[in-house]
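The values are calculated or read from the model by the stated rules, or taken from the named source; none is laboratory data. Because the structure is predicted, anything quoted here is derived from the model rather than measured. Neighbour counts run over all protein chains shown; Cβ positions are idealised from the backbone, glycine included. These area figures cover heavy atoms from the full protein model, side chains too; ligands, DNA and RNA do not enter into them. Shrake-Rupley method; radii C 1.70, N 1.55, O 1.52, S 1.80 Å.
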Amino acid sequence: AAMKDGLRSQVSAALKEGRVTPTELCQRCLALIKSTRFLNAYITVAEETALKQAEESEERYKRGQPLGILDGIPIAVKDNFNTAGIETTCASNMLKGYISPYNATVVQKLLDHGAVLLGKTNLDEFAMGSGSTDGVFGPVRNPWSYSKQYKEKSVPKSHSEDEESDWVITGGSSGGSAAAVSSFTCFAALGSDTGGSTRNPAAHCGVVGLKPTYGLISRHGLIPLVNSMDVPGILTRCVDDAAVLLGSLAGHDPKDSTTIQDDFKPFELPNLTDVSKLSVGIPKEYHAPGLSSDILALWSKAADLFRNAGAKVVEVSLPHTCYSIVCYHVLCTAEVASNMARFDGLEYGHRSDMKDSTESMYAATRREGFNDVVRGRILSGNYFLLKQNYEKYFVKAQKVRRLIANDFVKVFRSGVDILLTPTTLSDAAPYTEFIQEDNRTRSTQDDILTQAANMAGLPAISVPTALSERGLPVGLQFIGRSFQEKQLLTVAKWFEKQVQFPVIQLEEVKRHDSGVFQHQKSASFS
């Protein structure tokens, strides 16, 4: 029962009262990781390290000196955050075997609060994707594929081979973290969010996904994709837990000059009872082509829910939304091209055996180390940054980005407090269907409702809302004012309480535990 409880309300209290110990919690999570190995949510499981951290936490509880709510709580971290003593791969051949000498700031903060690090979760290579299907360690499976809710709605397959392929994606690129939280193998997980990579899998896996305001949480130690948009994301099973993690992670970091200078004061979310003073904006441009009837109906019901509770619900316009995905593609690939230049085979990571010349070694290293998706984005980015193209593409995209950000500013200045939108166009696609289209096409479709918040630097959260007709989770997104996380999370908590999203009912999964994914490694801190 403790595995399904909230951190602040139940689990932390159970630990303090001795009804469960950190070691017991850790062992239970590790057992679940093993029994759900077929999900492929983890790349590295740090069993030895986790048990040692749990023992240290247990000693603190015995002395009556826990470090806070997160002390003894098992968490997981996306494998593009540096972790001292534990391999950091970015799900790429380029970084296989790489062990960072330091922890990312967010990882260190979690450890300083007593959290127990279970391991590193799977992703699209270098976080480039929206399905968690393009990493070198294989695709992540959505736990809801094996839920009673989905099985009851899906058409039974006659052949076991067909049944084995009848699973749906997690979304991406933080699919491993979302699957880990959804399947109860950890209580919370870190993802990264550049264009929706935390909120997208959160929606598909039925968990809460928070993208904080740009600059609120340090990016130091997060291997960069797009420096001007990357934000560490938070995945939890309820909104209250997201607020707990945010309180531990937010604030100035001298190692990241883009973080806020002011101190951040952690907050406990109030129980909102009166929404009559709230103004909720419904952006008409988010009624995008391809939006499923399931999600459109839920979006409309959610708006009615606020209206019937006394909130002011108004249609608003963000007129430059239609340009945002093209603008995002130009800026994303340009920054990717710059960031990926560091992987040359000289200082760390993969190095080719090619010895004809330094240039040939560079080329061979990058050809062998990067997959087609990464190489494609590097090529696109370098094209946009060519001298003859710089003004035409990169500078123009920056100007459009400013217009997109200004759209949000105008809407919030008009009196709107929160924007309510869909998170994804549809529920999770079957894997066999998802891979029919290339990564860029899929990312363009899947990021359309999420990436504008990244370009504007605004906080956004995906809250699980209901199950689709296929028995799969659907999430809705709330976008708030810059640095107004407390208001955003308070509204999200109220909404979460109203919709009462069902708990996943995982069926017997042992028959799938065939050890097909043998890459999971044990690791420990040095």
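Brief remarks follow.
- With all protein chains in place and a 1.4 Å probe, the accessible surface of segment 1-138 carries 47 percent carbon and sulfur.
- Net charge dipole, segment 335-420: roughly 500 debye, given to the nearest 20, about the Cα centre with Cβ charges of +1 for Lys and Arg and -1 for Asp and Glu.
- The rule of thumb for compact globular proteins, 2.2 N^0.38 Å, goes into the C-alpha radius of gyration of segment 18-61 1.25 times.
- Calculated log₁₀ intensity ratio I(q)/I(0) where the Debye formula runs over C-alpha points of segment 81-237, q = 0.10, 0.13 Å⁻¹: -0.36, -0.59
- Over segment 299-419, the alpha carbon radius of gyration divided by the compact-protein estimate 2.2 N^0.38 Å works out to 1.62.
- Rounded to the nearest 20 debye, dipole of segment 413-500 from Cβ charges on Lys, Arg, Asp, Glu: 440
- Segment 66-140: proportion of alpha-carbon pairs further apart than 18 angstrom, %: 42
- Of all accessible heavy-atom area on segment 255-295, the percent that carbon and sulfur account for (1.4 Å): 48
- Looking at the chain, the accessible area is 40 square angstrom per residue; that uses a 1.4 Å probe and ignores ligands, DNA and RNA.
- Each principal axis of the Cα cloud of segment 237-356 was taken in turn, and the coordinate range along them, longest first, works out to 71, 40, 27 Å.
- Positive end of the dipole of the chain (Cβ unit charges, origin at the Cα centre): among 220, 11, 98, the Cα lying farthest that way belongs to 220.
- Within-12-Å neighbourhood charge of residue 350 [Cβ basis; K, R +1; D, E -1]: 0
- About its Cα centre, the dipole of the chain is roughly 980 debye, where the only charges are +1 on Lys and Arg Cβ and -1 on Asp and Glu Cβ.
- Segments 432-445, 414-427, 256-269, 19-32 sorted - mean Cβ within 10 Å per residue, highest first: 414-427, 19-32, 432-445, 256-269
- Principal axes of the chain: Cα extent on each, largest first, Å: 72, 59, 58
- Electrostatic tally near residue 284: other residues with Cβ closer than 13 Å to its Cβ, Lys and Arg +1, Asp and Glu -1, net -3.
- Computing Rg and the Kirkwood Rh from the Cα coordinates of segment 165-248 gives a ratio, Rg/Rh, of 0.97.
- Temperature 37 °C, viscosity 0.692 mPa s: under these conditions the Stokes-Einstein estimate for segment 376-451, based on its Kirkwood radius over C-alpha pairs, is 210 µm² per second.
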